[in-house]
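Asks: Can you read through this structure? Questions will come right after.
Readers should treat all values here as calculations from the given coordinates under stated rules, not as data from a laboratory. These numbers come from a predicted model, not from an experiment. Neighbour counts run over all protein chains shown; Cβ positions are idealised from the backbone, glycine included.
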Amino acid sequence: MKDLREEFVGLARQADANISELSRRFGISRKTGYKWLGRPELTDQSRRPQHSPTKTAPALEANVVELRHKHPAWGGRKIAQVLYRDKAIELAPSTVTEVLRRHGLIRPENSEAVKAWQRFEQPRPNALWQMDFKGHFAVGSGRCHPLTVLDDHSRFDIALRALGGETAEVVQAELQRVFERYGLPERINTDNGAPWGSGGGGITALNVWWIRLGIWVSRSRPLHPQTNGKDERFHRTLKAELLVDQQFEDLSSAQQHFDRWRTEYNCLRPHEALGMQTPADRYTVSSRGMPRVLPPIEYGPDDEVRHVQACGIVKFKARRLRTSYALHGLPVAMRPHPKLDGVYDVYFCHQRVDRFDLNEVESVST
């Protein structure tokens, strides 16, 4: 409950936050939302700055060491920022690093986490979500598959879920809850593997659902994980700060640890790429809420509409064209290419999902 309250308040303090809508998405009453927002302290110990002009050097070092023990993967810049933000203790990052060195708290492998990444970002929250699984590892008698969803603009971790598998059904159930709380993004980017992609470039049942919701679907180029670079970087942080040398009894235990760490990552941990802000400082929930029912599929008056038959077959101009199995029973629009004679693009809702050159496909008798 404390993690939920911390996240709610962080989002509710944004300038354009709709408290009533945010309360509904978090499953609390409007009264409770305003009550949480009005509380001066959200944790057992106040995070408000406390001026300490009389602190001695050993006491300052003790603060540095204590914070480092709580967050072993944090370096000098993050620790300096949090000490200033939460306790009004002003130390240069280089000073903090020297304190860590003197106390034997800097290991050679810590430098491995400080690698330059090409930084580019979307101009606003929810313009793009990056999504993937962070491998899998043993828990009790089974395995945990962490599902991660990251907002590109803010680096806000939308979801970190301990799942028992990577099936489309399991993922869709989790994303249903995510969409209900945070709203819909404009675009989702994933890699080409299951359950996101078909491996051959075709769309999957998950893609069909997203497109029906008005979400654009994009994929990382094969062998180019940097296309989902922020989520890949998030996975490195998750491993360094939580998963290394950590064992969980079961999925429930893993989820409890995930929830606690996710709150720290989103609301407490400064992010260097964000100018030492937290992801929660830059994230706002989407104004596009999750609809109760899927919107109808509509096309323009000039579109040639066909229904996809079994095995993904589309009958068009005396041809049998094979598209994705996931579109079985659904209408698609056949639109001629503006420059290439005989070439047609296949659209499902707003998104092009296939292309056919009729000159290369033999006609068949009907």
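Asks: Can you put W261, W209 in order, fewest other beta carbons within 10 Å first?
Replies: W209, W261
Asks: For the chain, what is the per residue volume of the convex hull drawn over the alpha-carbon atoms, in cubic angstrom?
Replies: Considering the Cα atoms of the chain, their hull volume per residue is 173 Å³.
Asks: May I pose another question? Rounded to the nearest 0.05, what FRET efficiency do R187 and I19 give with R0 = 25 Å and r taken as the Cβ-Cβ distance? Could you check?
Replies: Given R0 = 25 Å and the Cβ-Cβ separation, E is 0.35.
Asks: Sticking with this structure for a sec: How about K239: which aspartates and glutamates have a C-alpha closer than 17 Å to its C-alpha, ignoring those fewer than 8 places off in the same chain?
Replies: In chain and number order, the partners are E109, E112, D132, D157, D231, D259, E264.
Asks: Another question, if that's okay. Let me know the Rg and Dmax you get for region 129-282 when you use only its Cα atoms, in Å.
Replies: 15.2, 42
Asks: Another one. Loop only per DSSP, at most 12 neighbouring Cβ atoms within 10 Å: give me the GluC sites (Glu not before Pro) in region 298-364, ordered by residue number.
Replies: Sparse-neighbourhood loop GluC sites (Glu not before Pro): E298, E362.
Asks: Answer rounded, prolate or oblate for region 304-360, using the Cα gyration tensor with square roots of eigenvalues a ≥ b ≥ c: rounded when a/c is under 1.5, else prolate when a/b is larger than b/c, else oblate.
Replies: Taking the square roots of the gyration eigenvalues as a ≥ b ≥ c, region 304-360 is oblate.
Asks: Return the long-range amide H neighbours of D191 (sequence gap of 5 or more, or a different chain), with a cut-off of under 5 Å between placed amide H atoms.
Replies: It is S220, by chain and number.
Asks: When a/c reaches 1.5 or more, the comparison of a/b and b/c decides; with that in mind, is region 295-334 rounded, prolate or oblate per its Cα gyration tensor?
Replies: It comes out oblate by the Cα gyration axes.
Asks: For region 16-29, what does the Karplus curve 6.51 cos²θ - 1.76 cosθ + 1.60, with θ = phi - 60°, yield as ³J(HN,Hα) per residue in whole Hz, taken in order and with x for Gly and Pro?
Replies: The phi angles translate into 9, 5, 9, 4, 4, 5, 5, 4, 4, 5, 8, x, 10, 6 Hz.
Asks: Under 10 Å, Cα contacts only: if you run a Gaussian network model on the chain, which one of G33, G202, G140 comes out with the highest mean-square fluctuation?
Replies: G140
Asks: Same structure again: Quick one: which of K78/K230; K87/K134; K31/K87; K2/K87; K315/K339 span more than 28 angstrom between C-alpha atoms?
Replies: Result: K87/K134; K31/K87 exceed 28 Å.
Asks: Separate question: Counting other beta carbons within 10 Å of each residue's own, what order do E180, E249 fall into, fewest first?
Replies: E249, E180
Asks: OK, next. Would you mind ranking K230, K70 by Cβ crowding within 10 Å, fewest neighbours first?
Replies: Going from sparsest to densest Cβ surroundings: K70, K230.
Asks: Shifting gears a bit: When the helices in the chain are scored as -39500 (n - 2.57) per DSSP H run of 4 or longer and the sum is shared across all residues, what 222 nm value do you end up with, to the nearest 500 deg cm²/dmol?
Replies: -9000 deg cm²/dmol
Asks: At 7 Å along the Cα-to-beta-carbon direction for both E121 and D345, put a label point, then send me their distance in nm to one decimal.
Replies: The answer from the label model is 3.1 nm.
Asks: Another question, if that's okay. In debye, nearest 20, what is the charge dipole magnitude of the chain about its Cα centre with +1 on Lys and Arg Cβ and -1 on Asp and Glu Cβ, if you could check?
Replies: 660
Asks: What list of whole percents do you get for P(r) of region 262-319, with Cα-Cα distances grouped in 5 Å bins up to the one holding the largest distance?
Replies: Reading upward from the zero bin: 4, 12, 11, 10, 9, 8, 7, 8, 8, 13, 7, 3, 0.
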